[in-house]
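Here's a structure for you.
The values are calculated or read from the model by the stated rules, or taken from the named source; none is laboratory data. Just so we're clear, the structure is a prediction, and the values are computed from it rather than from any experiment. Cβ coordinates were reconstructed from backbone atoms using ideal geometry, including for glycine residues, and neighbour counts include every protein chain displayed. For accessibility, only protein heavy atoms count, side chains too; no ligands or nucleic acids. Shrake-Rupley method; radii C 1.70, N 1.55, O 1.52, S 1.80 Å.
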Amino acid sequence: MLKKTSLFVGQVLFLWLVYEAGNKIVSFFGLPIPGNVLGMILLFLMLLTGIVKVEQLALASNFLLKHITFFFIPIAVGLINWVDLFLQHILALTMMVLISAILAFYLTGFLFQYLQRRSEK
Amino acid sequence: MNYLYIAAFSLLTIGAYKLSRWLFFRYGSPLFNMVFFGSVLVILTLIIFKIPYSMYEPSKDVMTFLLGPATVALAIPLYQNRMVLRKKGVRIIGCVVMGSLASVFSVILIGIGSGMEKFVVISAIPKSVTAPIAIEIAQISGGDPALAVAFVVATGTFGGAMGPTLLKWLGIVEKDARGLALGTVAHAQGVGMALIEGDSPGAMASSAMALAAVFTSIIAPLLVMILL
């Protein structure tokens, strides 16, 4: 139990260090991407090159990814400040979400299907 | 006293999460989407007990402390699906880029066209990106994180619930193409639906979700600077 706990904490700490490294690099070089995206890319590269193995992070990453939706609840509570704004734009906002999702669905799916069929011929 | 509030609000939020998670798995209805139902529960509690948001806010920072490491861990599913990218990388990236551009540009056009406030449009731009990265994209370009989450959840819920049917209507029947579209548009919820259609569409969706996040995070700040 104690061993598992310390393993978990160690893995979280490692992920946190990669995250912080991403943030630091982004702000140092003034890169126009979020620090967490760079952190994700860094970890991907470490996995590709074999510096880190998936199993070495399994405990923490399984837990965090399983419950990642939890973190969005406290953030979404901030919507309490925007209730009026939502009601004011409700129709346009709904149209925006629907139309843009349908367009992106169609373009992505159609293009890939077209390319697949062409290469099969 | 401050710590007491933080503890109490954290318990409230965890309870709301647990309850909506239980309801979601029990009934499978998109109404019980964990972010939607969970945050509505917390918001209602704050309203009923007349608690100002400023009192809740410090506990938000405590609770989201692990979101950064969790986001970094998204590299793991991408790595596990790397074979997909190795085989059809260029084609996949090309289609995800086109889909993401369609999403971003239609948001900007509809947003400006209907006279929305600038920060609302900016918050909606990354709505097809997985939430932790969408929040950062919105903040970098001058949007609001809570609004960004709302758009992300709305898109994911619509895309996850209606996506498979819509794609059929639109004549997209090839399995991998469906997976790719679901991951590009409806992030994690799309991946969930794609996995139901099979392992290969699931892997396509998972890769598409990560690629859409990276691509949108690069172009969104630029587009905001140029167009808005």
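Within the stretch B:18-41, can you find the residues that are more than 19 Å from B:Ala154 (Cβ to Cβ) and facing another protein chain (nearest Cβ under 10 Å)?
Selection gives B:Lys18, B:Arg21.
For the structure I just gave you, tell me whether B:Gly156 is at pLDDT below 90, more than 9 Å from every other protein chain (Cβ to nearest Cβ) and open to solvent by less than 10 Å² (accessible area, probe 1.4 Å).
No, not satisfied.
Please specify each residue of the stretch A:61-78 satisfying the condition of being within 13 Å of B:Pro69 (Cα to Cα), facing chain B (nearest Cβ under 7 Å) and free of Cβ contacts under 8 Å to residues at least 24 places away in the same chain.
A:Leu65, A:Ile68, A:Phe71
Still on this model: For residues that are more than 23 Å from B:Val107 (Cα to Cα) and among the hydrophobic types (A, V, I, L, M, F, W, C), tally how many sit in the stretch B:178-228.
So the answer is 6.
Of everything in the stretch B:21-45, what is within 14 Å of A:Phe72 (Cα to Cα), within 19 Å of the chain's Cα centre (by Cα) and open to solvent by less than 40 Å² (accessible area, probe 1.4 Å)? Give them in sequence order. Please lay out each step first, then the result.
So in the stretch B:21-45, the residues within 14 Å of A:Phe72 (Cα to Cα) come out as B:21, B:33-43.
Okay, now just the ones that are also within 19 Å of the chain's Cα centre (by Cα), so B:21, B:33-40.
Once the filter is applied, which keeps residues that are within 14 Å of A:Phe72 (Cα to Cα), within 19 Å of the chain's Cα centre (by Cα) and open to solvent by less than 40 Å² (accessible area, probe 1.4 Å), the stretch B:21-45 yields B:Asn33, B:Met34, B:Val35, B:Gly38, B:Ser39.
Of all residues in the stretch B:65-99, count the ones that are within 7 Å of chain A (Cβ to nearest Cβ) and either open to solvent by less than 30 Å² (accessible area, probe 1.4 Å) or among the hydrophobic types (A, V, I, L, M, F, W, C) (or both).
16
Starting from residues that are over 17 Å from the mean Cα position of the chain (by Cα) and in contact (Cβ under 8 Å) with a residue 60 or more places away in the chain, keep the ones in the stretch B:106-140 and report whichever is farthest from the other protein chains (Cβ to nearest Cβ).
Only one residue tops the list, namely B:Lys118.
While we're on this one: Taking A:Phe44 as the residue in question, decide whether it is in contact with a Leu (Cβ under 8 Å, 6 or more places away or on another chain), at pLDDT 90 or above, open to solvent by less than 80 Å² (accessible area, probe 1.4 Å) and in a helix (DSSP H, G or I). Working first, answer last.
Numbers: in contact with a Leu (Cβ under 8 Å, 6 or more places away or on another chain): yes; at pLDDT 90 or above: yes; open to solvent by less than 80 Å² (accessible area, probe 1.4 Å): yes; in a helix (DSSP H, G or I): yes.
Answer is yes for this residue.
Condition test on A:Gly50, is it surrounded by fewer than 18 Cβ atoms within 10 Å (Cβ to Cβ), assigned to a helix (DSSP H, G or I) and more than 7 Å from chain B (Cβ to nearest Cβ)? Steps first, answer last, please.
Details: surrounded by fewer than 18 Cβ atoms within 10 Å (Cβ to Cβ): yes; assigned to a helix (DSSP H, G or I): no; more than 7 Å from chain B (Cβ to nearest Cβ): yes.
Considered against the rule, which asks whether it is surrounded by fewer than 18 Cβ atoms within 10 Å (Cβ to Cβ), assigned to a helix (DSSP H, G or I) and more than 7 Å from chain B (Cβ to nearest Cβ), A:Gly50 comes out as no.
Just checking, how many residues over the stretch A:18-37 are of a type outside the set (Ser, Thr, Tyr) and at the interface with chain B (Cβ under 9 Å from one of its Cβ atoms)?
Going through the stretch A:18-37 one residue at a time, the tally reaches 10.
So, in the stretch A:79-100, how many residues would count as being surrounded by fewer than 17 Cβ atoms within 10 Å (Cβ to Cβ) and more than 7 Å from chain B (Cβ to nearest Cβ)?
Residues flagged as surrounded by fewer than 17 Cβ atoms within 10 Å (Cβ to Cβ) and more than 7 Å from chain B (Cβ to nearest Cβ) within the stretch A:79-100 amount to 8.
Given (1) in contact with an Asp or Glu (Cβ under 9 Å, 6 or more places away or on another chain); (2) open to solvent by 20 Å² or more (accessible area, probe 1.4 Å), where does A:Gly109 come up short, assuming only one miss?
The one condition A:Gly109 does not meet is (2).
Report, ordered by the first and then the second residue, all pairs with beta carbons closer than 7 Å, sequence separation of six or more or different chains, a first member in the stretch B:203-214 that is at the interface with another protein chain (Cβ under 8 Å from one of its Cβ atoms), and a second member that is of a type in the set (Ser, Thr, Tyr).
Note: pairs meeting the criteria are B:Ala208/B:Thr184; B:Ala213/B:Thr130.
When you go through (1) crowded, with 24+ Cβ neighbours inside 10 Å; (2) out of contact with any Phe, Trp or Tyr (no Cβ under 6 Å at 6 or more places or on another chain) one by one for B:Pro164, which number turns out not to apply?
(1)
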